[in-house]
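Since every read-out is calculated from the coordinates, none of them should be taken as a lab result. Quick caveat, the model's predicted, so the values are computed rather than measured. Methodologically, a virtual Cβ is constructed for each residue, glycine included, from the backbone with ideal geometry; neighbour enumeration extends over all protein chains shown.
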Amino acid sequence: MRLALGVLASGRGSNLQAILDACARPDFPAAVALVISDRERAPALDRARAAGVEALWLNPKDFGDREAYDGALVRELQARGVGLVCQAGWMRILSPVYIRAFRGRAINIHPSLLPAFPGLHAQRQAVEHGVKVAGATVHFTDEGVDTGPIIVQAAVPVEPGDSEDTLAARILSVEHRIYPEAIRLFAEGRLRIVGRKVAVNPEGRG
Ligand code: GRF
């Protein structure tokens, strides 16, 4: 049985697309069961529908507060038997309601080499800081913003003429590689959270 994935995406959905493409390969150990967006017109929802995957818009205006919204998120994901949630450009802060329900079973991608540059505009921060190496991180989700245990990272060079956009594009190409890689590691049972670290077992479960 392939691991059922839920994907939370607010926008463009290029990481969602990389995940959908990976799931289309016969040997990939996971399949997307549901894509949820907080924005009605998110291109991510169109990408899901085009791949024949259920796409759900959950409108924040229909809920009294963050906890009520996240409660609905959790119910929808659990109703589809989701075993791993992937936040892929999810622009809402997630409350403890969600974190508690999916602790150790929710992951996020962030466009920096964490713990450098958490939060918004990571690529801009990298350019402004003059770092020579940037990159992307897939990590487990915890209560903080981009603070959870790190699963996979990939580095890219920062070129002297880089703008925020050129650097973002370079980082994005490695995001699309490492997100499916992290999902595979999880699905194969090769990740163990030990304190704030993730131990990666090089051997699959068999
Ligand atoms: C990516 O850069 C991701 O790292 C960040 O938000 C962006 C989402 O892009 N969390 P996309 O919607 O997957 O194209």
| remark: The alpha-carbon center of the stretch 149-171 and that of the stretch 4-65 are separated, in whole Å, by 24 Å
| Can you tell which of Ala155, Ala106, Ala88 shows the greatest fluctuation in a Gaussian network model of the chain with Cα springs below 10 Å? | Ala155
| field | Given charges at beta-carbon only (K, R positive; D, E negative), |dipole| of the chain in Debye | value | 520 debye
| said: Please report the antiparallel percentage of DSSP beta bridges with both residues in the chain, rounded to the nearest 5. | reply: 50 percent
| Around Val133, what is the net charge, scoring Lys/Arg as +1 and Asp/Glu as -1 over all other residues with Cβ under 13 Å from its Cβ? | 0
| request: Compute the FRET efficiency between Ala4 and His121 as 1/(1 + (r/R0)^6), taking r as their Cβ-Cβ distance and R0 = 41 Å, and round to the nearest 0.05. | output: 0.80
| message | Please give me, ordered by residue number, the trypsin sites (Lys or Arg not before Pro) of the stretch 19-90 that lie in loop per DSSP and have at most 12 other Cβ atoms within 10 Å. | response | Arg41
| message | Can you compute the modelled spin-label distance between Ala169 and Thr147, with each label point 7 Å from Cα toward Cβ, in nm? | response | 3.6 nm
| In nm, to one decimal, how far is the modelled label at Arg177 from the one at Arg80, with both set 7 Å along Cα→Cβ? | 2.8 nm
| said: Take the chain, mark every one of the GluC sites (Glu not before Pro) that falls in a DSSP loop and has at most 16 other Cβ within 10 Å, then report the longest stretch left between them, sites excluded. | reply: 55-142
| query | If you wrap a convex hull around the C-alpha atoms of the chain and split its volume per residue, what is the figure in Å³? | reply | 123 Å³
| So which trypsin sites (Lys or Arg not before Pro) in the stretch 96-142 end up in coil per DSSP with only 16 or fewer other C-beta atoms within 10 Å? | Arg103, Arg105, Lys132
| query | Restricting attention to the alpha-carbon atoms of the stretch 23-78, what are Rg (one decimal) and Dmax (integer), both in Å? | reply | 13.1, 43
| field | Extension gain (nm, one decimal) between Lys61 and Lys132, 0.36 nm per residue minus Cα-Cα | value | 21.3 nm
